[in-house]
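The values are calculated or read from the model by the stated rules, or taken from the named source; none is laboratory data. Note that the coordinates shown come from a computational prediction; the quantities given were computed from them, not determined experimentally. Positions of Cβ are generated from backbone atoms using ideal geometry, with glycine treated the same way; all protein chains shown enter the neighbour counts.
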Amino acid sequence: MSDFTGLRALVTGGASGIGWATAGLLAERGARVAVLDLDPARVDEPLLKLRADVTDDASVRAAVTEAAGALGGLDILVNNAGIGAQGTVEDNDDTEWRHVFDVNVLGMVRTARACLPHLRRAATARPGTAAIVNTCSIAATAGLPQRALYSATKGAVYSLTLAMAADHVREGIRVNCVNPGTADTPWIGRLLDAAEDPAAERAALEARQPTGRLVSAAEVAGAIAYLASPLSGATTGTALAVDGGMQGLRLRPA
Ligand code: NAD
């Protein structure tokens, strides 16, 4: 695992689940880390807590400016904040479509736009350090049932990752994404809690995984850390699956 000593990272949605595990891992490996979240109170010191909503451009800009000021610049952006949505195209109205796109896609665009000047400076000062990692999903390409809106947002995140990688490669800024499968985070906990029999639902979900278990937030964080680190210095414009073999093995849920 790479050493992040001296590097400065901003993690959106870093107060829970995958973002929380990533912020903790980067800090443990020596990075100075700022967490941007709707509710950053849950984050432990010494991480910098920034309350911001990725749907609000002014709050994102203010948080990024504060992070760069407090950390002395920014080398790494982990664009991770996101929300779910269930249903077919008939189940979500225009308001819901706009809102989930606003969080999952435009949220990443706003944060990247605010961070890019800082990443550009880092890339010039210390070539090989600047990286963006977007949290995408296997939903981007898997054709999951009952996930039309969510999948469309993650398809957009995937395309955005490729386009940004192309736009910024000559500036020394790498852009990649991770595609988690079903990761055991508070988000999935909330979905299971809403089921009639949460334990049975969890067992059914685990049985559908090729590995027989859910992906852990720590495992997704490890992949994000790899893509954020100089260890992956020749990798840009890729999606790294962290899905227990769900896509690569071409298995279908039973
Ligand atoms: P989570 O709900 O545990 O954490 C999401 C965090 O994002 C929360 O702290 C929340 O406060 C924050 N957030 C939500 N909306 C925000 C906004 N408007 N502004 C700022 N912060 C906001 O979820 P998670 O499972 O850790 O998911 C993180 C990312 O991983 C998401 O992008 C999600 O789409 C993706 N993902 C998750 C899974 C999974 O199975 N858990 C699978 C694939 C992809």
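Numbers at a glance
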item: Flag if ARG190 is surrounded by fewer than 16 Cβ atoms within 10 Å (Cβ to Cβ) and more than 30 Å from LEU119 (Cβ to Cβ); result: yes
item: Per-region count, the stretch 43-85, residues surrounded by fewer than 16 Cβ atoms within 10 Å (Cβ to Cβ), modelled with pLDDT under 95 and touching a Lys or Arg at 6+ places or on another chain (Cβ under 7 Å); result: 0
item: Residues of the stretch 117-147 classified as of a type in the set (Val, Ile, Thr) and assigned to a helix (DSSP H, G or I), total; result: 2
item: Some residue of the stretch 18-40 being among the hydroxyl-bearing types (Ser, Thr, Tyr) and buried (at least 21 other Cβ atoms within 10 Å of the Cβ); result: yes
item: Tally, over the stretch 50-98, of residues that are closer than 26 Å to PRO186 by Cβ, among the polar types (S, T, N, Q) and in contact with a helix residue (DSSP H, G or I) (Cβ under 8 Å, 6 or more places away or on another chain); result: 6
item: Any strands (runs of 3 or more DSSP E) falling wholly within the stretch 1-116 and containing at least 2 residues that are in contact (Cβ under 8 Å) with a residue 40 or more places away in the chain; result: 8-12, 32-37, 76-79
item: Meets criteria (under 27 Å from GLY128 (Cβ atoms) and modelled with pLDDT of 95 or more) for LEU227; result: yes
item: Residues satisfying the stated conditions in the stretch 115-146, i.e. within 20 Å of LEU10 (Cβ to Cβ) and of a type in the set (Gly, Ala, Ser); result: ALA122, ALA123, ALA125, GLY128, ALA130, ALA131
